[in-house]
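A.B. asks: Mind having a look at this structure? Questions to follow.
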């Protein structure tokens, strides 16, 4: 006689099976993802190094760019090494505790992306629309207070979301068709065993944070461009447009990739599991690859220091 899964039983490990359709060719994915990982970490580390060492770049805007670079380092580090190990070794088992830790670190790091972009929009708003009040508002004390509030907010929301996942029992399947512990997929595994309504609500609340930030960003830049195009043409106007355009490119890349990844797992469609995984990885890796290139090319001060750094390394190698 066969019995169904016991609701008192819970799996203590997961099997992460990503890109299964490639079969024996799955190992070849190690090379492109390793190259992307090395480039992302190296390029963003160079940004952090340049901004931290150059006193002329210790303004709120460049500090925020430094924070973005730190996030773009942390997210791949939490996901890619374990994924590369799986590609190379074929070992796909992942303990439940480590899965929850990875989930927390990824969501916690990603929770700061939109907030930092909103901070950039606010910084540009006061610099362009209210320049006489810029130094009063964007001072060290105010920045520390706002940072503390944001850290507390994100810590509470993400900790609560992951803690709710930690209480779930997985009495049926323990196979995740993914390369990392994605919140939505892990919660879905518990559906035959538990009522996961509270988990979906927690996930929705966590999604509301970047949505609110996005509204703030949109309002800020609408106001900024209204002020810019009402002002007289000149060098300052061109510089303001160039700076805002750079930030808008970064914002569009981040929000587009995150929105596509969010919808890919929540809208029933003809997408294969491997395509969903690729979309999810795009959200985690593409901003980290594109952001340093965009800031390096379009930001004059960073470009100059980056050229000096590369020239120094070339001379040292000789």
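The values are calculated or read from the model by the stated rules, or taken from the named source; none is laboratory data. These figures come from a predicted structure and were not determined experimentally. Backbone-built Cβ (ideal geometry, glycine too); neighbour counts: all protein chains shown.
A.B. asks: Within region 24-42, identify whether any single residue is surrounded by fewer than 17 Cβ atoms within 10 Å (Cβ to Cβ) and at pLDDT below 85, and answer yes or no.
C.D. replies: yes
A.B. asks: In addition: Only one of these is surrounded by fewer than 18 Cβ atoms within 10 Å (Cβ to Cβ) and either out of contact with any strand residue (DSSP E or B) (no Cβ under 8 Å at 6 or more places or on another chain) or not in a helix (DSSP H, G or I) (or both): 244, 252. Name it. Working first, answer last.
C.D. replies: Details: 244 fails: surrounded by fewer than 18 Cβ atoms within 10 Å (Cβ to Cβ).
Being surrounded by fewer than 18 Cβ atoms within 10 Å (Cβ to Cβ) and either out of contact with any strand residue (DSSP E or B) (no Cβ under 8 Å at 6 or more places or on another chain) or not in a helix (DSSP H, G or I) (or both) holds for just one of 244, 252, which is 252.
A.B. asks: Check residue 212 against each of (1) more than 19 Å from residue 94 (Cβ to Cβ); (2) assigned to a helix (DSSP H, G or I); (3) touching a residue at least 60 places away in the same chain (Cβ under 8 Å) and name the one condition it does not meet.
C.D. replies: Residue 212 satisfies every listed condition except (3).
A.B. asks: Go through region 185-198 and report how many residues are assigned to a helix (DSSP H, G or I) and within 21 Å of residue 277 (Cα to Cα).
C.D. replies: 5
Conditions (1) surrounded by 14 or more Cβ atoms within 10 Å (Cβ to Cβ); (2) more than 30 Å from residue 28 (Cβ to Cβ); (3) in contact with a strand residue (DSSP E or B) (Cβ under 8 Å, 6 or more places away or on another chain), marked per residue:
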| site | (1), (2), (3) |
| --- | --- |
| 116 | yes, yes, no |
| 129 | yes, yes, no |
| 138 | yes, yes, no |
| 152 | no, yes, no |
| 174 | yes, no, yes |
| 190 | yes, yes, no |
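A.B. asks: Can you tell me which of (1) under 29 Å from residue 62 (Cβ atoms); (2) modelled with pLDDT of 85 or more; (3) under 16 Å from the mean Cα position of the chain (by Cα) is the one residue 261 doesn't meet?
C.D. replies: Of (1) under 29 Å from residue 62 (Cβ atoms); (2) modelled with pLDDT of 85 or more; (3) under 16 Å from the mean Cα position of the chain (by Cα), only one is false for residue 261: (2).
A.B. asks: Let me ask you something else. For residues that are modelled with pLDDT under 80 and in a helix (DSSP H, G or I), tally how many sit in region 220-240.
C.D. replies: Residues in region 220-240 being modelled with pLDDT under 80 and in a helix (DSSP H, G or I): 6 in total.
A.B. asks: So which helices (runs of 4 or more DSSP H) are wholly in region 67-184 and hold at least 3 residues that are closer than 28 Å to residue 22 by Cα? Break it down stepwise before answering.
C.D. replies: Values: elements: 96-129, 134-137, 140-166.
Counting at least 3 such residues, we get 96-129.
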